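Enquirer: Supplied in structure tokens, the structure appears directly below.
The values are calculated or read from the model by the stated rules, or taken from the named source; none is laboratory data. Please read these numbers as outputs of a predicted model, since none were measured by experiment. Quick reminder, even Gly has a Cβ in these numbers, built from the backbone with ideal geometry, and neighbours come from all protein chains shown.
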Amino acid sequence: MISHLENQCKKYPYRFGVADKNQPTLSFDKKPEGEGNSSSSMIMHRYNAEDLRQAIAEFVIGDEHPFRVVEGCWFRRLLKKFEPRFQMSSRITVARDCFKIYNVEKAKLKKSLKSLSSRVCLTTDTWTSNQNLNYMCLTAHFIDDDWKLHKRIINFCLVANHKEIHLG
């Protein structure tokens, strides 16, 4: 009977795994902080491919994975288990999504630095990696209107070496 429903009955709603792509699903999650007590409750989710792409880009950025991680068979298999409707894109698309996040964060940083009523101090630091490559980092330090100290990396680049004639 199940075989008949899944393979031949065209009106069977779960024939291809899901009845309706726009149909919300329920999951058992904890409430976000600030919304009453911390007990668990049922939360309704809607399938959104853009949200999934954003989450994958954040996963790659946050855990510093190479872009090619999304083309691995085990990653794709895991995604299919979680969300069978999602069509995974290539590493190039994920790289574009990461670059979009970078541009959004860069615009936010520019806006917040322009609106500061305090000053910004810049510091540099240089070091050598395990691969014997020399790097320099430019960091902005500032205090916001709530008197919280912040630091943000403005630039990170490869340098020839640590000598002052190459850095100046």
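Enquirer: What do you reckon, is I153 among the aliphatic types (A, V, I, L, M), modelled with pLDDT of 95 or more and within 22 Å of the chain's Cα centre (by Cα)? So that I can check it myself, show each step before the final result.
Expert: Working: among the aliphatic types (A, V, I, L, M): yes; modelled with pLDDT of 95 or more: no; within 22 Å of the chain's Cα centre (by Cα): yes.
No; evaluated as a whole, the condition is false for this residue.
Yes or no, residue by residue, for (1) among the hydrophobic types (A, V, I, L, M, F, W, C); (2) under 23 Å from E58 (Cα atoms); (3) loosely packed, with under 10 Cβ neighbours inside 10 Å; (4) in the same structural domain as R76 (by TED's automatic domain parsing):
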site	(1), (2), (3), (4)
T93	no, yes, no, yes
K100	no, yes, no, yes
W127	yes, no, no, no
R152	no, yes, no, no
F156	yes, yes, no, no
